[in-house]
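Novice: One structure, as structure tokens, below. Some questions next.
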Amino acid sequence: MRIIRFFNPNNKNGLFTFIRPYSATPVNRLAAVSHDTTKPLSVADISIYADGHVRNDWTKQEIKSIYESPIMSLLYYGAKIHRRYHDPLAVQQCTLLSIKTGGCSEDCAYCPQSSKYKTPVKATKLLDSDNVLTAARNAKKAGSTRFCMGAAWRDLNGRKSNFNKILEYVKEIRAMDMEVCCTLGMLNEAQAKALKDAGLTAYNHNLDTSREFYSKIITTRTYDERLQTISNVQDAGISVCSGGIIGLGETPEDRVNMLHTLATFVLHPESVPINALVQVEGTPLEKQEVLFLIH
């Protein structure tokens, strides 16, 4: 199933609400199943992957065959698998709050929060407890069951005071009987464990694109550093949300390669957000050709 989430970086209050397929119980972890991958696959062959078995041995050719399938086939087989494990009428409403906006030392070519570019986004300090907890309470009143907090940082090194504040935010929001998600940049093992102990439900850390195309978009963080953060989060027992962005100038092969990386994790991400680039004035990709999502 393909899920597209759109985030507008020009939203002044940094608050977004989105929905995602929801289940109160995790997807069954079934045994890996291998198929013969020695022959090229036809469009009709994607039905063999609709058995719902969880695999970690996907080949790029298999993923390419699925990627190139007609949209109606993808919708049909995606819905079929989704209905096997989830209530098809249930969705989860989540609210995302930017608790620290702008001033990031990274050079992500798509991001208006980078301090390296002149964009409409102004840098702010970490929001105080009253602002964050009020936003969480309002989100719950509006129907959200998960509250997500994002901070524009490369990592948490040298930010012990702010990190301790965030740990308290997590604890207090969990006490509201809400799930809590964070995206705070790179984490080491100790930081991931601290977030787990505070009650964090999920952590977002996107791959952004394929390993092969990555250096054309970001130079201040390596691909392996992203993978290490995901590993640290999973080892701490926190659910991972990890996907990427399309429309950066990547090729279809890059998209397949990114999906291959995600699909061959020992433990798959529980959520795979696929975002479409929003061109923002002042970023290197401000004039990037607009991507048509269905083509």
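Novice: Quick one: if the Förster radius is 22 Å, what FRET efficiency do residue 251 and residue 115 give, using the C-beta to C-beta distance and rounding to 0.05?
Specialist: Numbers: r = 30 Å, r/R0 = 1.35.
The pair residue 251/residue 115 has a calculated efficiency of 0.15.
Novice: Would you kindly state how much longer the chain becomes between residue 131 and residue 224 on full extension, computed as 0.36 nm times their sequence separation minus their alpha carbon distance, in nm to one decimal? Can you show the working numbers first?
Specialist: On the way: separation 93, 0.36 × 93 = 33.48 nm, distance 3.50 nm.
Contour length minus the Cα-Cα distance gives 30.0 nm.
Novice: Ok, one more. Take the Cα coordinates of the range 193-292, assign each an equal point scatterer, and use the Debye formula without solvent to give log10 I(q)/I(0) at q = 0.12, 0.13, 0.14 Å⁻¹.
Specialist: Here the Debye-derived log intensity ratios amount to -0.43, -0.50, -0.57.
Novice: Under the classification rounded if a/c is under 1.5, otherwise prolate if a/b is larger than b/c and oblate if not, where does the range 105-246 fall, given a ≥ b ≥ c as square roots of the Cα gyration tensor eigenvalues? Provide the component values of the computation, followed by the final result.
Specialist: Values: a/c = 1.75, a/b = 1.39, b/c = 1.26.
Because a/c hits 1.5 or more and a/b exceeds b/c, the range 105-246 counts as prolate.
Novice: Let me ask you something else. Past the 14 angstrom mark, what percentage of all C-alpha to C-alpha distances in the range 63-149 do you count?
Specialist: Values: 2839 of 3741 pairs.
Cα-Cα pairs of the range 63-149 separated by over 14 Å account for 76 percent.
Novice: Here is a further query. Bins of 10 Å, beginning at zero and ending with the bin holding the largest distance: percent of Cα pairs per bin for the range 147-214, please.
Specialist: 20, 52, 21, 6, 0
Novice: Given 196/287; 60/171; 100/196; 193/287; 60/100; 100/140, which pairs have Cα atoms separated by over 31 Å? All intermediate terms of the calculation are to be shown ahead of the outcome.
Specialist: On the way: 196/287 40 Å; 60/171 41 Å; 100/196 21 Å; 193/287 41 Å; 60/100 38 Å; 100/140 21 Å.
Cα-Cα > 31 Å for 196/287; 60/171; 193/287; 60/100; rest within.
Novice: Run the numbers for residue 89 and residue 51: contour at 0.36 nm per residue of separation, minus the present Cα-Cα distance, in nm. Kindly include the intermediate steps, with their values, before the conclusion.
Specialist: Values: separation 38, 0.36 × 38 = 13.68 nm, distance 2.12 nm.
Length gained, residue 89 through residue 51: 11.6 nm.
Computed from the coordinates by the stated procedures, all read-outs in this text should not be read as laboratory data. Note that the coordinates shown come from a computational prediction; the quantities given were computed from them, not determined experimentally. Positions of Cβ are backbone-derived with ideal geometry, glycine not excepted, and every protein chain shown enters the neighbour counts.
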